[in-house]
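Okay, structure first, notes after.
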Amino acid sequence: MATQDLTIPAHKPIGEAPRDLDAVAAQETGSPFPYWNATTAFQLGIALRTRLLTFDKPTVIHISTVSTPAHVLFHSVSFLPGYSQSSHPKAVHFFFICNGIDMKLQVTHSGTTLDNDFWVSRKRNAVIRFGCSTWQLHNKFNGGDEELFAKKMGLGESAKEYAIHGGGVPVYVKGCDTPVAVAVVSGLKQWDDHQVVVEEIEGVVKGLGRSG
């Protein structure tokens, strides 16, 4: 077991998520990773968690492969009791559990419920089955018309296994036409769930480019 301190940065507002389908699709494929492994998944997860700790709402962050069953690379709750966006940055101590080459983090804070994990599962399922972000699906089907979505896709009773609310985003690697993983955030407004994942993917990919 290893430990590490993280300093929570100043609050950075999330940009506005596009609603145009072509623009959303361009976001999804615009920042492919140069490579993908447990370490890069961990970097993305920590980037998301650090960013989201500056928000007043608790969130769940999940990153896993597109395999069935899922190989979970990162799953964490993000909430800092007593933190407000106007407060000064705080140093927080986390425990990272390393298991061989698979780096996984399981941290709990008050504020989220089991329902968040069900949302994560449904968003992940939608990304894997339909090959795009849940935000793209949301905008494709008249702003989240679940009945239209279920009918159009012929889902029947299985419709409950999928969510077309923003927050599930495919992860791409250069040279690969299909996603290798799914990153999910649940807890903010759905457009913010989506946009924060996109922004942090872009940031981590840029960082890998500079270090490489």
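The values are calculated or read from the model by the stated rules, or taken from the named source; none is laboratory data. If you're wondering where the values come from, they're calculated on a predicted model, not measured in any experiment. Neighbour counts run over all protein chains shown; Cβ positions are idealised from the backbone, glycine included.
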Check your understanding: Just to be sure, is P170 in contact with a strand residue (DSSP E or B) (Cβ under 8 Å, 6 or more places away or on another chain), part of a loop (DSSP other than H, G, I, E, B) and touching a residue at least 60 places away in the same chain (Cβ under 8 Å)?
Key -> no
Review point. In the set K140, K152, which member is without any contact (Cβ under 8 Å) to a residue 40 or more places away in the chain and not hydroxyl-bearing (S, T, Y)?
Key: K152
Practice item. Return the total of residues in the range 10-22 being surrounded by 13 or more Cβ atoms within 10 Å (Cβ to Cβ) and either outside any loop (DSSP other than H, G, I, E, B) or within 16 Å of the chain's Cα centre (by Cα) (or both). Key: 3
**Study point:** Q195, sole failed condition from (1) more than 14 Å from E28 (Cα to Cα); (2) at pLDDT 95 or above; (3) not in a loop (DSSP other than H, G, I, E, B); (4) not β-branched (V, I, T)
**Key:** (1)
Review point. Does G167 meet the test of being modelled with pLDDT under 95 and at positive phi?
Key: no
Review point. Residues in the range 173-183: is at least one surrounded by fewer than 24 Cβ atoms within 10 Å (Cβ to Cβ), at pLDDT 95 or above, part of a strand (DSSP E or B) and out of contact with any Cys (no Cβ under 6 Å at 6 or more places or on another chain)?
Key: yes
Exercise for review: Any chance you could count how many residues in the range 52-63 are assigned to a strand (DSSP E or B) and in contact with a His (Cβ under 6 Å, 6 or more places away or on another chain)?
Suggested key: 1
Point to revise | Hits in the range 33-51 - residues which are surrounded by fewer than 18 Cβ atoms within 10 Å (Cβ to Cβ) and either part of a loop (DSSP other than H, G, I, E, B) or in contact with a Ser or Thr (Cβ under 6 Å, 6 or more places away or on another chain) (or both) | key: P34, Y35, N37
Point to revise | Which numbered condition I201 fails, given (1) part of a helix (DSSP H, G or I); (2) of a type in the set (A, V, I, L, M); (3) touching a Ser or Thr at 6+ places or on another chain (Cβ under 7 Å); (4) farther than 21 Å from T29 by Cβ | key: (4)
Check your understanding: So which pairs qualify, if the first residue must be in the range 117-130 and within 9 Å of E161 (Cβ to Cβ), the second must be surrounded by fewer than 23 Cβ atoms within 10 Å (Cβ to Cβ), the Cβ gap must be under 7 Å, and the two must be at least 6 apart or on different chains?
Key -> R122/E161; N125/E161
